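What follows is a short report on a single structure.
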Amino acid sequence: MPHTVVCNGAHDELYKTHPIEFTVTGHMPTLSSGSVGNVALYKLNLPPYSSCILKDYMQSSGLYKLFNDCITSCPRSFTSDNPVIAARWNVKQRHRGCRESNMYWISPYNGKVHQELLLALGSCGFDVVLRAIASIDGGSCRDWTVFQLTFIVVSRNDEDHYHLDYHKTLSGDVWTVMIPLVLVQGSPPELWVMDLKDEYAKDAVIHSLKYEEGVAVIFGPLTYHSTSIVAYRSGYRVCLSVSVGCINVGNVKWLISDIAQQYPPRRMSLLLDWAKTPHFSAGMCHLPLLSHESLLGSEWMLQYRHYLEWISCNGKVGDVPISKTLQKWIIHQRYCFSVKNSTTDSDHFRSSRHVRSAYHTLTSFREFMLHKANFCFHVDRDEGANQLKWIGMYNQLKDFIDRYGHFHITRSDNSKLYAWIRTQRAVLGGQTVLSVTKRHRIYLLKEIGINITH
């Protein structure tokens, strides 16, 4: 029998191989069950901007450098090499002294950093996850609190290690949410899940699960799981692990016993205090968050809106003149995009001013918004500012023809226009392979009677 999830909305179907019946509210993403028999395991499509916002947080917090240090340097002293990072993040090797894996757990060092990360989580649309967990709960109207946040980074794991994240008695009271943020292209399935009919079963079925960016994996305390065996030649994988629990007096001692990070500390009073102001209660989400305009920046959003207005009114940028301010903004977005996409790993982590500036100007969220607007990051040499200049000279030529009835311009008539026509004959008529823009220019010139031989 498939699981049934109810969220008050329209019915839809998911994965046909292992379907789940459900209804969704408004724009709530798809929730689906896995193929793990008795184990509660779900996939949830996150809002499309979720990964962008979390990646921007990692970039601004210096976490990429820390991830790189964890994977490329062993052994390390994280408390001495970078005091700023050491004061913010607790770094722990998952299997201390174990040679089979280089997995690290990176979690907030104190309450301030915990709240910062919680703010990023709320801003990226994590409320859809809380609504999904509430729907799995069968509409019992329980309160849910996010209480543990950990970045997991790994590039090598030579041995499986099946385990439970939380005590079995917490089944239904706590969920682990895995959000893939950095994946390695061509990686085999990253998570293995063991399907046990009972604790003492001799034979277990192992299921493999492939992480997808923008898709959260949600599972409960009875899910025996392990990182799959991988050995990436380059790069590493990063997931954000989020613990969500219905915290109360009856289960808090079990939650405390399974907390493995620096923060929150193992204090029942702290978790019970958090439970008084849950992040999801009575169908309402109370996670802290920032507006999208705050994340994108008001000045950037102003130019972005001008760009959208310009495109809607005039079509392709370059066909008609454009304001200098907007033109400079467009050119700078393209420049930052080219810097980001030509950056190697070593460039990414060193203190190169222009690389830092490019990542700061064109954040992942801003890049997502530009892609959404079909922004052209790559332009032909003949497009952009060059095309505007060409159109300007072409209009001058049309004005001359309208005035004098011919296009036989001498140097004494107009030296600039005379030189421009000679250049067009040389450039457009002397090339065998022409860009789309150049072919269109030939067409426009022929329209007014100028034949270009090529």
| message | Can you return the lysines within cross-link range of K389? Criterion is Cα-Cα under 27 Å, with same-chain partners fewer than 8 residues away left out. | response | K316, K324, K328, K398, K416, K438, K446
| remark: At R0 = 56 Å the Cβ-Cβ FRET efficiency linking I331 and K92, nearest 0.05, sits at 0.80
| Burial ordering of D402, D173, D195, fewest other beta-carbon atoms within 10 Å first | D402, D195, D173
| query | Ordered by residue, what ³J(HN,Hα) values in Hz, to whole numbers, does segment 260-276 give under the Karplus form 6.51 cos²θ - 1.76 cosθ + 1.60, where θ = phi - 60° and Gly and Pro are x? | reply | 10, 10, 5, 9, x, x, 7, 10, 4, 4, 5, 5, 5, 5, 4, 5, 6
| field | Neighbour-count ranking [beta-carbon atoms within 10 angstrom, fewest first] of T223, T277 | value | T277, T223
| remark: Here the FRET efficiency for Y162 versus S312, based on Cβ atoms and R0 = 45 Å and rounded to 0.05, is 0.25
| note | Too long for a 22 Å Cα-Cα cut-off, among K253/K276; K55/K253; K92/K276, are K55/K253; K92/K276
| said: On a full-extension model of 0.36 nm per residue, what is the gain between H371 and T72, subtracting their alpha-carbon distance, rounded to one decimal in nm? | reply: 104.4 nm
| note | Going fewest to most other Cβ atoms within 10 Å around each Cβ, T363, T325, T150 line up as T325, T150, T363
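Laboratory data are not the source of any read-out in this text; all were calculated from the coordinates shown. Just so it is clear, the structure is predicted and the values come from calculations on it, not from any experiment. A quick note on method: Cβ atoms are made from the backbone with ideal geometry, for glycine too, and the neighbour counts reach across all protein chains shown.
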